[in-house]
1. Just to be sure before I move on: is residue B:114 within 21 Å of residue A:121 (Cβ to Cβ), over 14 Å from the mean Cα position of the chain (by Cα) and modelled with pLDDT under 90 in the structure I sent?
2. Quick one: how many residues across region B:97-111 are modelled with pLDDT of 90 or more and surrounded by fewer than 19 Cβ atoms within 10 Å (Cβ to Cβ)?
3. Is there a residue in region A:143-150 that is buried (at least 22 other Cβ atoms within 10 Å of the Cβ), over 30 Å from residue B:144 (Cα atoms) and at the interface with chain B (Cβ under 9 Å from one of its Cβ atoms)?
4. Please work out which one of (1) more than 14 Å from chain B (Cβ to nearest Cβ); (2) over 23 Å from residue A:111 (Cα atoms); (3) at pLDDT 90 or above; (4) in a loop (DSSP other than H, G, I, E, B) is the condition residue A:254 fails and give its number.
5. What number of residues in region A:195-250 are in contact with a strand residue (DSSP E or B) (Cβ under 6 Å, 6 or more places away or on another chain) and assigned to a strand (DSSP E or B)?
6. Condition first: modelled with pLDDT of 80 or more and either closer than 18 Å to residue A:157 by Cβ or more than 8 Å from every other protein chain (Cβ to nearest Cβ) (or both). Now tell me which residues in region B:9-32 satisfy that.
7. Residues in region A:23-38: is at least one within 14 Å of chain B (Cβ to nearest Cβ) and surrounded by 16 or more Cβ atoms within 10 Å (Cβ to Cβ)?
8. Report those strands (runs of 3 or more DSSP E) wholly inside region B:36-109 carrying at least 3 residues which are more than 22 Å from residue B:283 (Cα to Cα).
């Protein structure tokens, strides 16, 4: 018995039964030589081009606008000063001492990323409600990745009681003066405050793959950030910043996130009902429709900026389709993505 | 108690950077208006920035000539009309809910994520302005959400907070909000009697305390010595109706004409904004 033939326009079909719609799109290539295409017209391994624009805001110290297809994110980085007397359990640092490994960034919470989805960026994200689970997860993932990649060094965020005279900027003063400074430094040069970077992300438009877009926006904004030169004013006993001098934030590396979702032949509801495992497809850079249909997703963050590929993080949730081989193969895909993003960030 | 659903940062409060004035040359340029008193700034309006919403629009008002002063940047998305939740009482009209929020990086001071009273105030004024334009009884039992993010406010970075310019900034923000929301509503295909647009006019005193105040349109606080009063008007041009009027400041009671001329100038500014709005919508149709 042949199925009754009803002709439905594509958008209606997608709305009524999204899973068969995507499945039919992926399999319907009549001749096997043609690669499978998704509902959005892309191939399975095809990403949307990324557009990044830096310094689009005037009140932030660094900012970026990233577009990934129909996903648009705006990121603003703003520095604020945290005096050390307000830091509970503060451990003094001396200039020669290596700050690395002491975990100042994490212990004093100097990086504060927050993601706001509830801007009407998609019908499910309406304002007036507390941050959704997705917004909270995204913020936490960006937070932990910021710390684990070590993109921002704590040296840039320290404010010293004396202007930097000894180590790096010797050319600023004459040689004799530098010596004098050197003497004084020994006794009382200390960290008086830290810069806290508030990294705020605003989704203007949401069409899937929020993490890749948000992370690219964070990286672009941090690379664009320059903080005013701050010094300690002993008379007013506070940190004052220069109006004219600015210093570019040193950002190490260029980590790029690459996400793919796994689309399974059987529908989500059929999990555990004894249906044998069907075929599955790895969909790179999933859009909103695809994300709702996929249970399993993998995100890999790679950095190839020093010649060789370094994997900064791998996250995988849900499902069992991605095995060891797929993860290994995914590194190559992520590498390719890194090159694209690096081109866009220039 | 801090909101544990967000990342709040260090336990101790942080201080926004304090700048020294010693080492800088005189930055303050004399406050002069860069345009004739009856000219509004140029604006850029575009619809369809959020494809996943039913309607959306983006508005940017040109930066003034002074460096360090940002122009207004607004993004608006409209969701709906959609059915009201079951718990909602019956409504024979469409239920408008407006939401205006400054982005954390929109102003000189970092804004929090919770809405403050001034943002709620803007939302209420916006709702009043739009309610007069929408043909509300075409959609009984349904609701529409209008969400505006102020990406960047109209503020001068050089002036100190103490001058209390925020009140006037809010006027400009509301004017922009009305225009951008009207564009987004039209983009969403919600029937309106006319396109509503916002305009701002102000009474300013430019030359000292005792000078005669003048009426200007589209005022920027950083370009004027002192703003005495301002009003923001939402106006429907073909019907010649005002849907919302927001007046702030004090006027000398001796001169009633001053009030009328202020409103007239506001209407003039609104007509200018409307021309841009109609042009933008016509472009979208083509």
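The values are calculated or read from the model by the stated rules, or taken from the named source; none is laboratory data. Values in this document were obtained by computation on a predicted structure and should not be read as measured data. Note: ideal-geometry Cβ built from the backbone for every residue, glycine included; neighbour counts use all protein chains shown.
1. Judged against the criteria, residue B:114 is a match.
2. Qualifying residue count, region B:97-111: 1.
3. Checking region A:143-150: not a single residue is buried (at least 22 other Cβ atoms within 10 Å of the Cβ), over 30 Å from residue B:144 (Cα atoms) and at the interface with chain B (Cβ under 9 Å from one of its Cβ atoms).
4. Here residue A:254 clears every test but (2).
5. Final tally of qualifying residues: 27.
6. Keep residues of region B:9-32 that are modelled with pLDDT of 80 or more, which gives B:9-19.
The answer is B:9, B:10, B:11, B:12, B:13, B:14, B:15, B:16, B:17, B:18.
7. No, there is no match, as no residue in region A:23-38 is within 14 Å of chain B (Cβ to nearest Cβ) and surrounded by 16 or more Cβ atoms within 10 Å (Cβ to Cβ).
8. Working: elements: B:43-47, B:55-61, B:73-83, B:95-102.
Of the strands (runs of 3 or more DSSP E) lying wholly inside region B:36-109, those with at least 3 residues that are more than 22 Å from residue B:283 (Cα to Cα) span B:73-83, B:95-102.
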